[in-house]
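Input: a single structure, listed below in structure tokens.
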Amino acid sequence: MCRFTPRRAWAPLSDAEWAVLAPYLARAEGAPGRPLGTDPRRRMEAFLHAVVTDIPWRALPAQYGRGATVARHFRRLAHAGLWSRLLEALCAPRAPAALKAMEYWLCRAARRAMRLLRMAGIVLARRLGLLSALPMLPWMMPDPDLSKALFRYAHRTLRRLHGPPAHWPRPRLLRLIGRCMAIAGGRRVWSRQFAPP
């Protein structure tokens with residue numbers, strides 16, 4: 001079911017929330033690069049604080065360390081697939097309640113990582129129905145599934161041109177299909193102005 005996730009203000013992670021996140025973070029730590037440091041919980045809180053309050057990395061409070069370091073670790077975890085795995089875990093039938101409670105935070109983290117996740121992240125968020133993870137409103141984002149369906153329909157329509165004139169498509173139908181495919185392709189430039197709630 002497609003939905004926008006209700007907002008939840010940022011707060012430090014509870015012990016139950018950290019217990020749910022720690023296994024995913026440990027799995028992502030196997031990726032090449034420096035470890036998250038001596039306190040991975042504090043680093044995860046830094047990630048979530050930045051994405052939920054929508055501040056730039058450089059504006060993070062000093063207690064979390066240098067913003068450039070936090071941003072680099074965030075990108076490394078995005079490349080390691082952490083945010084995608086957490087989105088999939090949110091939609092699992094037996095997802096823990098503590099993980100479900102962090103849905104808004106994790107959607108915001110995935111939204112910030114979407115330029116790194118690219119089309120695979122957009123498709124994942126759409127298929128899971130987590131519209132808050134998309135960087136713009138869903139009707140402004142590319143929809144590959146709709147594009148493929150329109151392409152198949154256009155192909156069937158063009159094959160009818162080889163038959164008798166009585167089976168030809170209506171005038172201007174192909175132009176309409178082309179416009180629909182352009183809409184399914186989404187906007188070329190992402191803008192925070194059109195970000196979901």
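Mind checking whether some residue in segment 182-196 is hydroxyl-bearing (S, T, Y) and surrounded by 14 or more Cβ atoms within 10 Å (Cβ to Cβ)? Checked against the condition, which is being hydroxyl-bearing (S, T, Y) and surrounded by 14 or more Cβ atoms within 10 Å (Cβ to Cβ), segment 182-196 yields no hits at all. Looking at R175, is it assigned to a helix (DSSP H, G or I), loosely packed, with under 12 Cβ neighbours inside 10 Å, on the phi > 0 side of the Ramachandran plot and not aliphatic (A, V, I, L, M)? Considered against the rule, which asks whether it is assigned to a helix (DSSP H, G or I), loosely packed, with under 12 Cβ neighbours inside 10 Å, on the phi > 0 side of the Ramachandran plot and not aliphatic (A, V, I, L, M), R175 comes out as no. Tell me yes or no: at least one residue of segment 78-99 is assigned to a helix (DSSP H, G or I), surrounded by 16 or more Cβ atoms within 10 Å (Cβ to Cβ) and acidic (D, E). No; the residues of segment 78-99 include none that is assigned to a helix (DSSP H, G or I), surrounded by 16 or more Cβ atoms within 10 Å (Cβ to Cβ) and acidic (D, E). Of the residues screened, S147 is one that is within 21 Å of the chain's Cα centre (by Cα), hydroxyl-bearing (S, T, Y) and surrounded by 15 or more Cβ atoms within 10 Å (Cβ to Cβ).
Residues of segment 100-152 being at positive phi and of a type outside the set (G, A, S), which ones? Scanning segment 100-152 gives a single hit, R118.
A search for C-beta distances below 9 Å between a residue of segment 53-76 that is touching a residue at least 24 places away in the same chain (Cβ under 8 Å) and farther than 18 Å from R192 by Cβ and any residue that is of a type in the set (G, A, S) and not in a helix (DSSP H, G or I), counting only pairs 6+ apart in sequence or on different chains, returns G65/G37; H73/G33; H73/G37; R75/A113; R76/A31; R76/G33. Total residues in segment 142-172 satisfying the condition of being part of a loop (DSSP other than H, G, I, E, B) and touching a residue at least 24 places away in the same chain (Cβ under 8 Å): the figure is 2.
The numbers here are math on the coordinates, done by the rules we state, and not lab data. Since we're looking at a predicted model, the values are computed, not measured. Here the Cβ is made from the backbone with ideal geometry for all residues, glycine too, and neighbour counts use every protein chain on show.
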